[in-house]
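Okay, structure first, notes after.
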Amino acid sequence: DALPIYVQNVEFVSGQLAGTQVLTGSNGFAGSFSWIAGTMNTPGATTIASNATLYITSASVHDLPTRILTNFGTVLFAGGDLRGGNGSFLQNFGLWINQVDNPIAKDFGGPMAFDNSGIFLKTAGAGITPVSCDFTNSGTVSAQSGTLTFSGSFTNPVGTLAVSAGST
């Protein structure tokens, strides 16, 4: 069973997050979880509930090999590299906002997949945000700033691709 984490503000600054968790708000408050440093490099799953936000910040690398990360709320990717592999699976049913030119990379061997059924935006950074894992889009992928590149497989069975002027 998932261990619910009822929070308003949590900062993950070192160590290892293991097991299965659901980040959610309680008593009407939205939960926020700032992933500054530390790893999520054990089998298990982390779910961001619809009333919660995961902030991926700082220049640190953010490792999640073998991990399942499911977002129903908001993920704000604003710093460092996001690295997976060995069966990592990212699922976005909510809002995923990239505000950096840093990669979402399959760096640990083995498969890594990102399934987007929500909204995946690049809203900041004039450079390139490389996505090197397999990516399936059934929602919306939008480049509003800079460039998004996909070097793994990219499938778009029923999704929308939007590119703002000056972006690629």
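Quick look at the values:
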{"read-out": "Answer from ILE119, ILE104 - the residue that is open to solvent by 10 Å² or more (accessible area, probe 1.4 Å) and among the aliphatic types (A, V, I, L, M)", "value": "ILE119"}
{"read-out": "Some residue of segment 89-107 being of a type in the set (S, T, N, Q) and under 22 Å from THR20 (Cβ atoms)", "value": "yes"}
{"read-out": "Search result, residues across segment 36-62 that are open to solvent by less than 20 Å² (accessible area, probe 1.4 Å) and closer than 15 Å to ILE104 by Cα", "value": "MET40, ILE56, HIS62"}
{"read-out": "Any pair with Cβ under 8 angstrom, 6 or more apart, that starts in segment 61-77 at a residue that is over 20 Å from PRO103 (Cβ atoms) and ends at one that is of a type in the set (Phe, Trp, Tyr)", "value": "THR70/PHE93; PHE72/PHE93; THR74/TRP96"}
{"read-out": "Residue in segment 127-136 that is over 25 Å from MET40 (Cα atoms) and either open to solvent by less than 10 Å² (accessible area, probe 1.4 Å) or in a loop (DSSP other than H, G, I, E, B) (or both) present", "value": "yes"}
{"read-out": "Only listed residue being part of a strand (DSSP E or B), aliphatic (A, V, I, L, M) and at pLDDT below 95, chosen from LEU54, LEU121", "value": "LEU54"}
{"read-out": "Selection within segment 66-99 - open to solvent by less than 20 Å² (accessible area, probe 1.4 Å), of a type outside the set (Gly, Ala, Ser) and over 17 Å from THR46 (Cβ atoms)", "value": "ASN98"}
{"read-out": "So ASN41, is it among the polar types (S, T, N, Q), touching a Ser or Thr at 6+ places or on another chain (Cβ under 9 Å), closer than 24 Å to SER167 by Cα and in a loop (DSSP other than H, G, I, E, B)", "value": "no"}
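The values are calculated or read from the model by the stated rules, or taken from the named source; none is laboratory data. This one's a predicted model, so the numbers in the text were calculated from it and none came from an experiment. As a convention, Cβ positions derive from the backbone with ideal geometry for all residues, glycine included, and neighbour counts pool all protein chains shown. Note: areas computed on protein heavy atoms with side chains; ligands, DNA, RNA excluded. Shrake-Rupley method; radii C 1.70, N 1.55, O 1.52, S 1.80 Å.
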